[in-house]
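Accompanying notes for the structure given below.
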Amino acid sequence: MTAPERRQAWIFFAVALGVIAVGFGLREPWPADEPRFVLVARQMLLSGEFLFPHRGIELYPDKPPLYFWLLAMAHGVVGSWRWSFLLPSLLSAMGTLVLTWDLARRLWTPRAALWAAVAVLASFQFVYQAKRAQIDPTLVLFTTLALYGLCRHLLLGPHWRWFWLGCFSAGLGVISKGVGFLPLLALLPFALMARRGWDGLAPLGAGNRLRWTGGAVAFLAAISIWLGPLLWVALRSGNPEHAAYLDNILFKQTAQRYVDPWHHYEPAWYFLEVVALYWLPFSLALPWLLKPWAQAWRARDARTWLPLAWALMVIAFFSASAGKRDMYILPALPAMALAAAPYLDAITQRTGFRRLLLAFVVVLAGILLVGGAWALWGSPRFEVRLVDERGLGSEAAWLWGMLATVGGLGLACALWWRTRGALQACALLMVLLWSGYGLVVHPLLDDENSAAGVMQRARAVAGPDTGIGLVGWREQNLLQAVGPVTEFGFRVPPAQQLARALDWARADASRRLLVQDMRALACLRLQEGPDAVRIGTANRRQWWLVTPAAARDCKLPMP
């Protein structure tokens, strides 16, 4: 690499770190998943139980524990959940960008490497997930490292140690979210390409059976870090909860969830919509990529088609299941960027692409400007709904002002730079938008989204030493609880939770119940008075602090 190329790389990674990290430490964990994961990690640290995760008093079998271990480690290093819970996602996102850039540099050129990393960072879905404490950024790091190791061996090798590391990383992906094995599917197109004599494959030679077997050993070794001790304890303990946990985590949450899902139903073409919309603005280049990809196919170029074939396999794999969520295909994004890398420099010089990119900037900036200004000086339905649902007051003006400012600046840059400066206008708009999200949205919505405000108000009303029982609770309520609290199961039906809570509360006249205003608890008398106090709104849910007398009309099941 030349000195200018190194300087460009350092500038890019500095910008990437700023875009992903802006807003770090300005909020608590937000639903849907963040409070659950942080709560599980916190209970691991408090209980010392790292093999069998818990959510409150119940086992939590939905996900393998590696990500929770990483959250616990981050807290151990930083000492604060607020300042640590986003750290695994931040580091994973930066690691993914580095791996994508380095592999593209080795496969192509430093210029192509920069475009590959830019394509990943530019995609809405990547940055949004990187700013959240979800498992997916960590999973993407492991799948990208696995693909990196495989490509270092299959395309740039032979490098058996990289192959083994790739297989080991795929195993770490498995104990993060189950589907970490997906990078190993790249061996299928590799085998077909090798059989048909494609260009760009490493001269691996014949034989090497033991070395290939070493990949399977490395893969299983990573999984056994968790599964080995888990099976040893569960099968020897005789605890029926441990047996149920094994059945759930090994079968229901893997094969059954894929073959016979019970939620998140989407049509077969759903992920085409995700690629088109959630991968913007990178996805705007896809029409121009079809021709060079077709030429690479005819030229039997494995450097392009091995990562591309794997990305298409990932999309097809998840499309085959009826249950779909947008982030499922995020591991395919770095591979797609790798396949696009050698062509993006030429594509971005084309007038047609720049016009399309400029149109994207104008439309997005226009929506932000009009929406923000309308909410500032009018009362559109979306503004009224958001303010009511989130319990916002005059501070909502900061949100609308931010949107209008970002949109106005983006639109001004687009009109000033026009087609020739479309790339700069798009980059500036993305940086401004993500900065506004981190610096304005994070602190503005934090009390309501995190339930911290509700839990603090509940404690202030109940008193510092009063026991509070949670009924119809969400993970953020238990995570943000202040002072002594008790819960009666998360998966337990709300009516049964209430029955248990009433028995608990009647044992001490000072105890109170924090209940959610919901249809399943409609029998409660939720009216301001001596037996019920409205605490507030969190996550679009109303919460009340009540005495057992508020349930005098309820006919409840046995606790």
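The values are calculated or read from the model by the stated rules, or taken from the named source; none is laboratory data. No experiment lies behind these values; they were computed from the predicted model shown. Positions of Cβ are generated from backbone atoms using ideal geometry, with glycine treated the same way; all protein chains shown enter the neighbour counts. Surface areas here come from the heavy atoms of the whole protein model, side chains and all, with no ligands, DNA or RNA. Shrake-Rupley method; radii C 1.70, N 1.55, O 1.52, S 1.80 Å.
Quick look at the values:
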{"read-out": "Residue within segment 143-154 that is open to solvent by 20 Å² or more (accessible area, probe 1.4 Å) and free of Cβ contacts under 8 Å to residues at least 40 places away in the same chain present", "value": "no"}
{"read-out": "Residue match in segment 99-112 (condition: surrounded by 18 or more Cβ atoms within 10 Å (Cβ to Cβ), among the basic types (Lys, Arg) and under 30 Å from residue 303 (Cα atoms))", "value": "yes"}
{"read-out": "Residue tally, condition open to solvent by 60 Å² or more (accessible area, probe 1.4 Å) and not acidic (Asp, Glu), over segment 485-509", "value": "6"}
{"read-out": "Qualifying positions in segment 27-59 - charged (D, E, K, R) and more than 22 Å from the chain's Cα centre (by Cα)", "value": "49, 58"}
{"read-out": "Cross-chain or 6+ apart pairs with Cβ under 7 Å, segment 67-88 first and open to solvent by less than 60 Å² (accessible area, probe 1.4 Å), then among the polar types (S, T, N, Q) and assigned to a helix (DSSP H, G or I)", "value": "67/138; 67/176; 70/138; 74/84; 75/84; 88/138"}
{"read-out": "Count of residues meeting criterion [open to solvent by 50 Å² or more (accessible area, probe 1.4 Å), assigned to a helix (DSSP H, G or I) and touching a Lys or Arg at 6+ places or on another chain (Cβ under 8 Å)] in segment 1-36", "value": "1"}
{"read-out": "Any hit, segment 487-497, residues being assigned to a helix (DSSP H, G or I), at pLDDT below 95 and under 16 Å from residue 542 (Cα atoms)", "value": "yes"}
{"read-out": "Failed item in (1) surrounded by fewer than 22 Cβ atoms within 10 Å (Cβ to Cβ); (2) under 28 Å from residue 388 (Cα atoms), with residue 544 passing the rest", "value": "(1)"}
{"read-out": "In segment 512-529, residue surrounded by the most Cβ atoms within 10 Å (Cβ to Cβ) [restricted to those that are out of contact with any Phe, Trp or Tyr (no Cβ under 7 Å at 6 or more places or on another chain) and not hydrophobic (A, V, I, L, M, F, W, C)]", "value": "512"}
{"read-out": "From 39, 45, 91, 71, residue being part of a helix (DSSP H, G or I) and closer than 30 Å to residue 112 by Cα", "value": "91"}
{"read-out": "Residue match in segment 272-284 (condition: among the small types (Gly, Ala, Ser), more than 30 Å from residue 195 (Cβ to Cβ) and under 26 Å from the mean Cα position of the chain (by Cα))", "value": "yes"}
{"read-out": "Only one of 404, 425, 412 that is at pLDDT 95 or above and touching a Phe, Trp or Tyr at 6+ places or on another chain (Cβ under 6 Å)", "value": "425"}
